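The values are calculated or read from the model by the stated rules, or taken from the named source; none is laboratory data. All figures in this text were calculated on a predicted structure; none of them were measured in a lab. Because the Cβ atoms are built from the backbone with ideal geometry, glycine has one as well, and the counts that use them run over all protein chains shown. Side chains included, ligands, DNA and RNA excluded: accessible areas come from the protein's heavy atoms. Shrake-Rupley method; radii C 1.70, N 1.55, O 1.52, S 1.80 Å.
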Amino acid sequence: MSRRRRALLLGGLALVLGGLAAFNVAGREAALERRIGGLVDIVVAREPIAAGDTFRERALAIRRVPARFAPSGTTGDPRALVGLRAAVDIRADTDLTAAMVAGDGAPRSGPSVRSGERVAEVVALGSPQLVTAGSHVDVLVTPEPRSDGPGEAVLALEDIEVIAAAPLADGDAPAGKGAPGPRIAASLRVTLRQAVYLAAVQDFARELRLLPRATRDRGRGRAGLRMVPELP
């Protein structure tokens with residue numbers, strides 16, 4: 001056998017063995033993930049925090065750990081701890097748990113609402129598979145049509161965060177109003193002005209639709225866009 005042919009054979013064998021090794025490693029990683037669970041976020045102390053000190057957002061960080069090893073009583077949102085006080089001295093890089101929080105010993109539950117924000121509850125047409133907690137949507141409003149003209153649709157709000165969402169059963173959806181299709185009860189993070197507007201729209205408009213946005217799509221500037229169906 002010539003040297004060149006031997007080198008080619010050895011090179012091919014190395015590639016095959018490398019592929020088998022990579023496949024084996026990937027299989028082991030998948031099996032390990034099944035045993036310990038996926039990664040979850042937990043809040044840790046970025047710097048030492050003394051007992052009695054107020055948790056500040058800059059003093060907190062997020063660490064990703066396998067779900068199986070995440071301590072109980074933790075949160076993945078630093079804002080749930082901001083403003084509360086430490087019950088004990090906490091060293092840097094410590095996982096923060098409810099026992100370390102003074103008072104009721106637990107972070108605030110429910111969505112974190114910042115100053116100037118409100119949570120608006122709406123019932124609207126939308127996809128239960130796409131409109132989920134953490135997603136962003138545009139709100140499309142269909143006003144009641146005028147007697148002397150065609151109906152129209154208005155892009156009312158853009159890039160609104162969905163805090164919570166749940167599909168409505170047919171019996172729970174409003175009857176006798178709006179187009180057919182799946183409906184969702186959603187909690188939206190909005191400003192006070194937007195919350196008042198959504199309350200009025202639900203009383204007087206014909207329909208609300210929640211249009212899911214792509215994960216990284218934060219484009220704005222089209223609010224107020226109106227479309228009228230073309231007449232034949």
*Residues being assigned to a loop (DSSP other than H, G, I, E, B) and small (Gly, Ala, Ser): count how many of those fall in region 48-89.*
9
*What is the number of the single condition among (1) open to solvent by 100 Å² or more (accessible area, probe 1.4 Å); (2) modelled with pLDDT of 55 or more; (3) within 28 Å of Val162 (Cβ to Cβ) that Phe69 does not meet?*
(3)
*asked:* Out of everything in region 80-97 that is crowded, with 17+ Cβ neighbours inside 10 Å and not β-branched (Val, Ile, Thr), what residue ends up being modelled with the lowest pLDDT?
replied: Ala80
*Could you look through region 112-127, keep only residues that are among the hydrophobic types (A, V, I, L, M, F, W, C) and in contact with an Asp or Glu (Cβ under 9 Å, 6 or more places away or on another chain), and pick out the one that is farthest from Pro180 (Cα to Cα)?*
Val123
*asked:* I'd like the full set of residues that are under 10 Å from Arg209 (Cα atoms) and surrounded by fewer than 21 Cβ atoms within 10 Å (Cβ to Cβ), limited to region 123-138.
replied: Val123, Leu125, Ser127, Asp138
*Yes or no: Arg146 farther than 28 Å from Arg220 by Cα, touching a Gly at 6+ places or on another chain (Cβ under 7 Å), modelled with pLDDT under 90 and of a type outside the set (Val, Ile, Thr)?*
no
